[in-house]
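Working notes, beginning with the structure itself.
The values are calculated or read from the model by the stated rules, or taken from the named source; none is laboratory data. Computed from a predicted model, the values in this text were never measured in an experiment. FYI the Cβ positions are ideal-geometry reconstructions off the backbone, even for glycines, and counts take in every protein chain you see. Protein only, heavy atoms only, side chains kept; ligands, DNA and RNA dropped before computing areas. Shrake-Rupley method; radii C 1.70, N 1.55, O 1.52, S 1.80 Å.
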Amino acid sequence: MTDSPDIADSVAPGVDPDALRDADDHLNPHWVERLRAKLAEDDTAAVAELTEPLHAADMGDLLEALDAEERVRLVTILGDKFDFSALTEVDDTVRSEIIDELPTADVARGVAELDSDDAVHILEDIDIPEREEILAQMPAFERLSLKRSLDFPEDSAGRLMQTDFIAIPPYWSVGQTIDYLRSEKDLPDEFFQIYVVDAAYNLQGIIPLDKFLRSKRDVRIGDLMNADVIEVLATEDQEEAARDFERYDLVEVAVVDESRRLVGVLTIDDIVDVIHEEATEDMQLLAGVGDEELSDGVASTVRGRATWLVVNLVTAMLASFIIGLFDATIEEMVALAALMPIVASMGGNAATQTMTVTVRALAMRELDSYKIRRLILREIAVGVLNGLIFAMLLGLLTWLRFFNPGLGVVIALAMIVNMIAAGTAGILIPLTLNRFKVDPAVASSVFVTTVTDVVGFFGFLGLAALSMRVFGMAS
């Protein structure tokens, strides 16, 4: 089979069909189609030639672009040439589909060649029986090292750490250490610090490489090391570890167990992934979509979203009940039905703005008692000022639209009330949820929306009903 002529004919001007990526940095569809054709022919040599220069991240993008059967065929055709680190670059769903179709012996071989943190990232999502079968086929040292990492809690520093590091005793000299580094075959591919430990592997200090390389050979390691060490507990949540990197501008940090024995290291490349994951998770939770991924199927996506849609349905029914209390008022003045969504919508948007700022500040641990007080006062003041600004604007437009000054005053007052309620709810609800150990990113939006809808509808319709009774406001 040759490349389809319509593929070549459809190449846009200025686009190289042989390039991996297009001008938007997306995978070049012409390149992908050529690879698909070679996969269909089982042309091992051509597939290997096309994929050989790919970085693991590029291979991950390619795997996600292919169909499920094509992914497995690609991994199978490449065999020993397939870099399993590419599986750390794909969605969990894609990775599970590939691993489920591969023999455990192939998975064991591929995982054994990875850095420990990448190997754990792949193994931790595999069912325990299958995981144990894979581990049983790996060399003893790698198996024990990975088991130790997998014993730490999920999303902990122990799961994220690399177990390959350089540790030396404090009584060595710089010259001895250099000789050791030159002669030792089993060293990490990349490292930024040398760790100083005693005989029990208790962490004594660290030496940054720049300081180490500038020192003379006869300098004693114990005299050179920095004993004021920033370290992370293996059981500590990875998000807490990421904050340490941000706070102290770290590139690499030691991971220790409860006895302060050195068990691994965290590096900045893994922490960047954590920061990205945590930010994405908070964003998705605020929208009520959980840990949904682009590769998820229809059924799992429906299940993930339905829960929060049910909650939203309940809160919407509460707002509907409030509207129902004023059905007679709405019948008497039909213009109310056209105007009341404006008040609730403006309040909801204002509350979302405040809630987003508050949830981010809570996630970043930026709020102390002083900042909380200032933030509450600021958001209430913002609510008052925004309420006054949009009350005047909306009141004037309503007056001109319906030729009813009384109705303009009512909607202006309702806007002020709801904007103040929105600012207050947008900050107090996340703070309250956080106080009771409930993730504010998960539940805040539902409660905040309920408050603004209920206050908006009740305030507007209640003021309208009162005005109609007291002042005889007519449509």
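Under a Cβ-Cβ cut-off of 11 Å, what is the net charge of the residues other than residue 39 that fall near it, where Lys and Arg count +1 and Asp and Glu count -1?
With Lys, Arg at +1 and Asp, Glu at -1, the net is -2.
Work from the charge dipole of the range 275-433 (Cβ charges, +1 for Lys and Arg, -1 for Asp and Glu, about the Cα centre) and give the residue of 399, 353, 338 farthest towards its positive end.
Of 399, 353, 338, it is 399.
Work out which trypsin sites (Lys or Arg not before Pro) in the chain are exposed loop sites (DSSP not H, G, I, E or B, at most 11 other Cβ within 10 Å) and give the longest gap free of them.
The reported range is 1-184.
Against the longest principal axis of the chain, how steep is helix 298-324, in degrees 0 to 90 to the nearest 10, with axes from Cα atoms?
Between helix and principal axis, roughly 20 degrees.
Looking at the range 147-306, I'd like the Rg to Rh ratio, where Rg is from alpha-carbon atoms and Rh is Kirkwood's inverse mean 1/r.
Result for the range 147-306 is an Rg/Rh of 1.10.
Taking the Cα centre of the chain as origin and charging only Cβ (+1 Lys, Arg; -1 Asp, Glu), how large is the dipole, in debye to the nearest 20? Write down the numbers at each step before the final one.
Values: 37 positive and 84 negative charges, 701 e Å.
Charge dipole of the chain: 3360 debye, to the nearest 20.
Accessible area per residue for the chain in Å², computed with a 1.4 Å probe and the full protein assembly in place, what is it?
On a per-residue basis, the chain sits at 53 Å².
Ranked from the most accessible area to the least, with a 1.4 Å probe and all protein chains present, what is the order of 181, 336, 233?
233, 181, 336
If exposed chymotrypsin sites (Phe, Trp or Tyr not before Pro) are those in a DSSP loop with at most 14 other Cβ within 10 Å, what is the longest stretch of the chain that has none?
Numbers: sites that count: 171, 403, 436, 471.
The segment 172-402 is the longest one with no such site.
Carbon and sulfur atoms: what percent of the 1.4 Å accessible area of the range 324-475 do they account for?
With neighbouring chains kept in place, the figure for the range 324-475 is 69 percent.
Could you tell me the distance between the Cα centroids of the range 197-253 and the range 69-124, to the nearest Å?
Comparing the Cα centres of the range 197-253 and the range 69-124, I get a distance of 33 Å.
At 1.4 Å probe size, with the rest of the protein present, what percent of the exposed accessible area of the range 177-255 is carbon and sulfur atoms?
Solvent-exposed carbon and sulfur of the range 177-255 make up 46 percent of the total.
With +1 on the Cβ of every Lys and Arg and -1 on the Cβ of every Asp and Glu, and nothing else charged, how large is the dipole of the range 147-217 about its Cα centre, in debye rounded to the nearest 20? Mind showing how you got there, number by number?
Working: 9 positive and 11 negative charges, 79 e Å.
Dipole magnitude for the range 147-217 comes out near 380 debye.
Long-range amide H contacts for residue 168: which residues qualify at under 5 Å (H placed 1.01 Å from N, peptide plane, sequence gap of 5 or more or a different chain)?
The list, which skips near neighbours in sequence, is 195, 196, 197.
How much length is gained if the chain between residue 140 and residue 49 is pulled fully straight, taking 0.36 nm per residue apart and subtracting their Cα-Cα distance, in nm to one decimal? Working shown, then result.
Values: separation 91, 0.36 × 91 = 32.76 nm, distance 3.40 nm.
So the chain would gain 29.4 nm between residue 140 and residue 49.
Would you mind computing the Rg to Rh ratio of the chain from its alpha-carbon coordinates, Kirkwood style for Rh?
Numbers: Rg = 30.4 Å, Rh = 27.4 Å.
Rounded to two decimals, Rg over Rh is 1.11.
What are the ³J(HN,Hα) couplings of the range 246-252, residue after residue, when phi is run through the Karplus curve with 6.51, -1.76, 1.60 and θ = phi - 60°? Round to Hz, x for glycine and proline.
Per-residue couplings from phi come out as 5, 5, 9, 6, 8, 10, 8 Hz.
So how long is each side of the range 399-473 along the principal axes, counting just the alpha-carbon atoms, biggest first, in Å?
The principal-axis extents, from largest down, are 50, 23, 15 Å.
So how strong a dipole does the range 23-69 carry about its Cα centre when Lys and Arg Cβ are +1 and Asp and Glu Cβ are -1, to the nearest 20 debye?
Roughly 100 debye, rounded to the nearest 20.
For the chain, what does the relative contact order come out to in percent, with C-alpha contacts under 8 Å and a separation of six or more?
Once divided by the residue count of the chain, the mean separation gives 10 percent.
Projecting each Cα onto the charge dipole of the range 189-342 (Lys/Arg +1, Asp/Glu -1 at the beta carbon, about the Cα centre), which of 256, 316, 301 comes out farthest on the positive side?
Projecting each Cα onto the dipole axis, the largest value belongs to 256.
Kindly provide the Kirkwood hydrodynamic radius of the range 339-462 in Å, to one decimal, from all pairs of distinct alpha carbon atoms.
By the Kirkwood definition, the hydrodynamic radius is 14.7 Å.
Could you tell me the relative contact order of the range 319-475? Use alpha-carbon pairs under 8 Å, at least six residues apart, and round to a whole percent.
38 percent.
Report P(r) for the range 30-164: all Cα-Cα distances, bin width 5 Å, range 0 to the bin holding the largest distance, values in whole percent.
All Cα pairs considered, the percentages come to 2, 10, 21, 22, 19, 12, 8, 4, 2.
What span do the alpha-carbon atoms of the range 146-198 cover on each of the three principal axes, reported in whole Å from largest to smallest?
Computed over the range 146-198, the largest-to-smallest principal extents equal 41, 22, 18 Å.
For the chain, find the longest principal axis of its Cα atoms and tell me its angle to the long axis of helix 140-150, 0 to 90°, nearest 10.
The two axes meet at around 20 degrees.
Summing +1 for each Lys or Arg and -1 for each Asp or Glu, what net charge is found among the other residues whose Cβ lies under 12 Å from the Cβ of residue 154?
Spelling it out: positives minus negatives among the neighbours equals -4.
Taking every Cα atom in the range 292-370, find the radius of gyration and the maximum pairwise distance Dmax, and write them in Å.
Taking only Cα atoms of the range 292-370, I get Rg and Dmax of 18.7, 52 Å.
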